[in-house]
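Note sheet for the following structure.
The values are calculated or read from the model by the stated rules, or taken from the named source; none is laboratory data. What you see is a predicted model, and the numbers here were worked out from it, not measured in a lab. Neighbour counts are summed over all protein chains in view; Cβ atoms, including those assigned to glycine, are modelled from backbone coordinates with ideal geometry. Quick note on the areas: whole protein, heavy atoms, side chains included, nothing else; ligands and nucleic acids left out. Shrake-Rupley method; radii C 1.70, N 1.55, O 1.52, S 1.80 Å.
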Amino acid sequence: MTGQSGILYGMGNPLLDMAAVVDANYLMKYGLDANNAILAEDKHRPIYEELLGENFKVSYSPGGATQNTIRVAQHYLNYPGATSFVGCIGKDSFGEKLKACMKKEGINTNYLINATAPTGVCAVLLTGGNRSLVTRLDAANEYTYEHLVGAETWKMVTTAQFYYVAGFFLTVSPKSMQSVGEHAVKENKCFCMNLSAPFLSQFFKEPMQSVLPYVDILFGNEDEYRAFASNFGIASTDLNVIATKIGAMPKKNSKRSRIVIVTQGDKPTIVFREGRIKEYPIVPVPAEKIIDTNGAGDAFAGGFLSEYVKNKDIETCVSSGSHAAAMIIQVSGCTLPDRN
């Protein structure tokens, strides 16, 4: 069944993932946690060159949280042009790789091309079932509000009925997020955000505060919600309490009650909706089959939204999210199976 073209719009940091297995000593060398996401500082710059050396076997895949969610949603919706994605890339071979991949997967893109900054990369450092993400945004950091309100991009915005932006974009263009949020409120469309990483609610609290009132569906994992709670004055570590309190926070669109979704690895998914908390089972994956947890949360959001845009019930949406996450953690990177 073919649905509406461009029904789901994503906006974020397009990256090329460089994934490699490392040991605990390598993480220690750079002061990295085994399961975390950070923006690269100067001290992390050598990582990217080292990964290209002969000591590591690197696999490349399109990355960036929002881009991955859109790719997963497109995979499940399975008709050309169901989704669209916007972000900034460099004028280089990595950028061309991303464009070609997105086109092959049937996603409409309108990348802003930056002539001076290289396409952003993310080092995905794998230890056991954990992943440490070290992102060098480069061109992704150069996205502009002017590109959003340009005729071609804004047509993508107005065509869409659902919007998804990872919290990482708060570091780049919160003004663009607010502008899409305003449109969603005005037209009673659905605006979704992911908390994405614990550091965002700590160091980018102000932009997060400015965007949160537009959010109809909030995604995140247990660590991200607890970090949010500690930085936003919620005096609890109980995820049910945190989800309930976030659900009750001020909201621009009173026609839609906020849905708060908490994923917690191999434990049930918590959903706050219409004043009630409910837990949903996950799709279990044996430990020996887990290859890479990178992208599990992004995949969950993509699977969830692929059903939500079709007006399916919440059980179906959560189940689809769980299946998508289970699929992604059994492969390296956000690698989608071939449809052929």
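For residue 112, the residues whose modelled amide H falls within less than 5 Å of its own, excluding neighbours fewer than 5 places apart on the same chain, are 87, 88, 89. Distance from the alpha carbon centroid of the range 94-127 to that of the range 189-250 works out to 28 angstrom.
Mind checking which aspartates and glutamates have their C-alpha under 14 Å from residue 104, skipping anything on the same chain fewer than 8 residues away? The qualifying aspartates and glutamates are 96, 338. Across the range 127-144, the residues whose backbone nitrogen lies under 18 Å from the label position 7 Å along the beta-carbon direction of residue 289 are 129-130. Sorting 325-335, 279-289 by their mean Cβ neighbour count within 10 Å, with the most densely packed peptide first, gives 325-335, 279-289. Backbone geometry of the range 144-149 corresponds, through the Karplus equation with coefficients 6.51, -1.76 and 1.60 at θ = phi - 60°, to 3J(HN,Hα) couplings of 10, 4, 4, 5, 4, 8 Hz, x marking Gly and Pro.
As a fraction of the 1.4 Å probe accessible area of the range 227-340, surface on carbon and sulfur atoms comes out at 51 percent. When each of the peptides 185-194, 66-75 is scored by the mean number of other C-beta atoms lying within 10 Å of its residues, the order from highest to lowest reads 66-75, 185-194.
With distances taken between every two different alpha-carbon atoms, the chain has a Kirkwood hydrodynamic radius of 19.9 Å.
Seen from residue 313, the other residues with C-beta closer than 14 Å to its C-beta sum to a net charge of +1, counting Lys and Arg as +1 and Asp and Glu as -1. If the chain linking residue 25 and residue 276 were pulled fully straight, counting 0.36 nm for each residue of separation and taking away their Cα-Cα distance, it would gain 85.9 nm. Among the listed pairs 97/175; 255/310; 103/189; 205/312; 186/251, those whose Cα-Cα separation exceeds 23 Å are 97/175; 103/189; 205/312.
If you plug the beta carbon distance of residue 205 and residue 100 into 1/(1 + (r/R0)^6) with R0 = 25 Å, you get a FRET efficiency near 0.10.
Mind ordering 35-45, 238-248, 129-139 by average Cβ neighbours within 10 Å, highest first?
Put in order of decreasing packing, that is 129-139, 238-248, 35-45.
Using the Karplus relation 6.51 cos²θ - 1.76 cosθ + 1.60 with θ = phi - 60°, the per-residue 3J(HN,Hα) values for the range 31-38 come to x, 9, 7, 5, 9, 7, 9, 9 Hz, with x marking Gly and Pro. Quick one: grab the alpha carbon gyration tensor of the range 89-195, order the square roots of its eigenvalues as a ≥ b ≥ c, and give me rounded if a/c is under 1.5, else prolate or oblate depending on whether a/b is larger than b/c. Verdict is prolate for the range 89-195. Residues whose amide H comes within less than 5 Å of that of residue 11, counting only those at least five positions distant or on another chain, are 86, 164, 166 (H built at 1.01 Å from N in the peptide plane). Note that the range 79-89 has calculated 3J(HN,Hα) couplings of 9, x, x, 5, 10, 9, 9, 10, x, 10, 10 Hz, one per residue in order, obtained from phi through the Karplus relation 6.51 cos²θ - 1.76 cosθ + 1.60 (θ = phi - 60°); glycine and proline are x. The relative contact order of the range 1-84 comes to 57 percent, based on Cα pairs under 8 Å that sit 6 or more residues apart. Taking the centroid of alpha carbons for each part, the range 1-74 and the range 258-284 are 26 Å apart.
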